[in-house]
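Every number in this text was worked out from the coordinates using simple rules, so none of it is lab data. Computed from a prediction, not measured in an experiment: that's the story for all the values here. We place every Cβ from the backbone using ideal geometry, glycine too, and count neighbours over all the protein chains shown.
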Ligand code: APR
Ligand code: ZN
């Protein structure tokens, strides 16, 4: 059985990482135009680095929750081939043991050189004074996809969703495209697992509502038989 799982900030909420659009979510406390766009980075790289340094620190200090751990269990099944696509930039899926995780919005723990395009493991703290370890340019940035930039691995992701027997979206408000549009490409079963109906809830055939640490382990134990 081929399953594609798409996760959003809701799967990491109970690890203390917060979300974007819930009450006191990140975008209620920061102006995304200042900290999550190429223009914002060009205007004030120190502000953007400090925003991601704070999120990286939170991520390092957090631990995977039972939803991450349950999703990692699916890798152990011989009967299920799961591809885990995440909008999240934290590394909690990997730390829970999930294998092929596709970070369509990039990864907090990775750095990118805006000049030569090389990537490396990000230091805990990044700054505009850093130099690229490959080309020495003073052009390092967090390897995250900002608004207005193209998400990673979309051809691979769209192909996997179209070929899946089941497409499951977990902990996402479905407010941001192209992630929110993936459900339209699904040809098999579709399931939304979220705290409450998302903006695309009516595009899913089935729904399970509640905190991910309850709903996800329950669902995984059912599909693992
Ligand atoms: N369990 C399950 N779902 C939860 C929980 C929880 N404990 N807490 C919150 N949620 C749900 C909310 O109901 C909401 O639908 O998670 C969703 C979080 O939505 P957003 O904050 O919009 O996060 P996300 O959908 O991942 O945002 C998508 O937007 O800002 C960009 O790049 C950023 O990847 C992000 C993208
Ligand atoms: Zn470089």
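As a test, work out the antiparallel percent of DSSP beta bridges whose residues both lie in the chain, rounded to the nearest 5.
Antiparallel bridges make up about 25 percent of those DSSP assigns within the chain.
GNM, the chain, Cα, under 10 Å: largest mean-square fluctuation among 30, 52, 177?
Checking each option, the largest mean-square fluctuation is seen for 177.
If eta is 0.890 mPa s and T is 25 °C, what Stokes-Einstein diffusion coefficient results for region 144-201, Kirkwood Rh from Cα pairs, in µm²/s? If you can, show how the numbers build up before the last one.
Details: Rh = 12.1 Å.
The Stokes-Einstein estimate is 203 µm²/s.
From Cα pairs below 8 angstrom and at least 6 apart in sequence, can you work out the relative contact order of region 135-193, rounded to a whole percent?
Values: 47 pairs, mean separation 21.0, N = 59.
Relative contact order here is 36 percent.
How much length is gained if the chain between residue 76 and residue 208 is pulled fully straight, taking 0.36 nm per residue apart and subtracting their Cα-Cα distance, in nm to one decimal?
Additional length available on full extension: 45.2 nm.
Give me the compactness ratio for region 1-73, meaning the Cα radius of gyration over 2.2 N^0.38 Å.
It is 1.32.
Using a Gaussian network model of the chain whose springs link C-alpha atoms within less than 10 Å, name the residue from 90, 124, 31 with the highest mean-square fluctuation.
Looking only at 90, 124, 31, the biggest GNM fluctuation is shown by 31.
Between residue 218 and residue 34, what is the label-point separation in nm under the 7 Å Cα-to-beta-carbon projection?
Distance between the two pseudo-spin positions: 4.1 nm.
Please state the relative contact order of region 35-120 as a whole percent: Cα pairs under 8 Å, 6+ residues apart?
Details: 89 pairs, mean separation 19.7, N = 86.
RCO, region 35-120: 23 percent.
Please report the relative contact order for region 75-225, taking Cα pairs under 8 Å with a sequence separation of at least 6, and give it as a percent rounded to a whole number. Please list the in-between numbers first.
Numbers: 234 pairs, mean separation 22.1, N = 151.
So the answer I get is 15 percent.
Take the alpha-carbon centre of region 160-177, take the same for region 192-225, and report the distance between them in whole Å.
First find each Cα centre; the distance between them is then 11 Å.
Evaluate the Debye formula for the chain with equal point scatterers sitting on the alpha carbons, no solvent, and hand back log10 of I(q)/I(0) at q = 0.11 Å⁻¹, in q order, two decimals.
Each listed q corresponds, in turn, to -0.54.
As a test, work out the antiparallel percent of DSSP beta bridges whose residues both lie in region 60-167, rounded to the nearest 5.
Given both bridge residues lie in region 60-167, the antiparallel proportion sits at roughly 75 percent.
I want to check the label-to-label distance for residue 22 and residue 119. Put each point 7 Å from Cα in the C-beta direction and report it in nm to one decimal.
In this crude spin-label approximation the distance works out to 2.8 nm.
With the chain treated as a Gaussian network of Cα nodes joined by springs under 10 Å, which of 161, 101, 176 yields the largest mean-square fluctuation?
Maximum among the listed residues: 176.
Gap in Å between the Cα centre of region 122-147 and the Cα centre of region 1-35?
23
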